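Everything below concerns the one structure shown next.
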Amino acid sequence: MNKAKLSFIIDAAMFLTMMAMAGLGFLMKYIMPPGRQVIAKYGRQLDLSWLGWNRHDWGDIHLYLAFFLLGLLVLHIILHWKPILALFHHLVPDSIWRSRIAIIFVVLGLLLILFPFFITPDMQERGQGGGRGRHRSQAGGSEARVAAMVPPGPGGGALREAAAAQTAFLK
């Protein structure tokens, strides 16, 4: 297979992988949101899934696609190494500055990809019913969300009382 055909296949695979990652990101953000957003949207805690997979399963696929895209990017750079160097030499004619920029670029790239392995997350115990996000006392707006879920009319009285009790519990 010639270099042009291989380059086209790699670039097409990169494009499709990026589109798949974007689609899965939209799926996880807007169609299968995290727990607190599910409650706000549907009024109760639900386990959302598509094709039998929940948002965490789709998140794993998203990560695997990112690794695949990274591999394709490395192949793309290898295939285009000579034009990259020629353009870099043309844009930065001074060899000392080229060396400095290259070192900074490599160090910055390594820091960006490896920083998750060098951090320690903040840890705190979860309270009863504690999920991620803001603390219950900071949630704000829960009365409006609960009130919007209660239908108007005579049948909504018991629901309003239950909603008020839930809102009081959340405070």
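Here are a few things to note about the model shown:
- Candidate set from segment 34-48 (those that are free of Cβ contacts under 8 Å to residues at least 12 places away in the same chain and surrounded by 15 or more Cβ atoms within 10 Å (Cβ to Cβ)); member that is farthest from GLY59 (Cα to Cα): ILE39
- Meets criteria (farther than 30 Å from ALA4 by Cβ and at pLDDT below 90) for GLY52: no
- Given (1) more than 29 Å from ARG98 (Cα to Cα); (2) surrounded by fewer than 15 Cβ atoms within 10 Å (Cβ to Cβ), index of the condition ALA20 fails: (2)
- If you go through segment 43-81 and keep only what is in contact with an Asp or Glu (Cβ under 9 Å, 6 or more places away or on another chain) and under 30 Å from GLY109 (Cβ atoms), you end up with LEU72, HIS76.
- Of the helices (runs of 4 or more DSSP H) lying entirely inside segment 22-101, those carrying at least 3 residues that are of a type in the set (Phe, Trp, Tyr) and under 28 Å from ILE9 (Cβ atoms) are 55-79.
The values are calculated or read from the model by the stated rules, or taken from the named source; none is laboratory data. The shown structure was predicted, so the numbers you read here are calculated from the model rather than taken from an experiment. Methodologically, a virtual Cβ is constructed for each residue, glycine included, from the backbone with ideal geometry; neighbour enumeration extends over all protein chains shown.
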